[in-house]
Amino acid sequence: MSIMHCSLLSLGCVFGCAPANNQTTLTALRALKIAQRRLRPEVRAKLLSVSSARTDNSLAPEAWRFVFLDPATSGNCRVVTVAAKTSSEHPATVEAFSAAKTESVPATHAIAQNRLTLDSDQVLVQAREAAKLKGIRAAEYHLGQPRSGQEPFWTLYFYAEAAEPVTRFQIGAKTGVVKILANGEK
């Protein structure tokens, strides 16, 4: 191994990158740790939402969008996008997530991060066990907390060929309780 290669590998370790042969799926909780490195300590605990862009056939997101409450910024929010083990913080990152709904800061509650025991890959397994997902070509993930003190939950949207989701699941981020949502139900 050359000195240059070792230096780049060390640099990659500092920034949270891994060599291509050691990379695993970028789950939401792994990406959250990367996103939090970019934030001031007082903002890290104020996670309002997590979402992904629509995926490909693997149903595993390649990018995650995190919204943190930050009263020190215009709009009272800080958006951090993590993709392919790198992160960027820029107002234009929202455009990469055009399928994701915009957050309403007063209507959301900070997610109790100590209650997040199920990661995005585990939630996908829960959904697959609850129902057969034949013909599904893409998925979209959202994590939120409806009210303070309640369990945070994942909402998974599954798509076939159409722009509208074929089915939706709500899964408890701590308990793993699965609920299949009817059309129009939130």
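The values are calculated or read from the model by the stated rules, or taken from the named source; none is laboratory data. As the structure is a prediction and not an experimental result, all values here were calculated from the model. Cβ placement follows ideal geometry from the backbone for every residue including glycine, while neighbour counts extend to all protein chains displayed. Please note that ligands, DNA and RNA were not included when accessible areas were found on the heavy atoms of the full protein model with its side chains. Shrake-Rupley method; radii C 1.70, N 1.55, O 1.52, S 1.80 Å.
Numerical summary
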read-out	value
Within-13-Å neighbourhood charge of Gln150 [Cβ basis; K, R +1; D, E -1]	+2
Net charge over other residues, Cβ less than 11 angstrom from the Cβ of Leu118 (K, R count +1; D, E count -1)	-1
Exposure ranking of Phe153, Phe169 by accessible area [1.4 Å probe, largest first]	Phe153, Phe169
Net charge of Cβ neighbours under 9 Å - reference Leu69; Lys, Arg +1; Asp, Glu -1	+1
Nearest-10 value in Å² for the accessible area of Thr25, using the 1.4 Å probe	70
Gain upon complete extension [His109, Glu129; 0.36 nm per residue less C-alpha separation]	4.3 nm
Inter-probe distance in nm under a simple model that places probes 7 Å from Cα toward Cβ, at Glu62 and Lys174	3.5
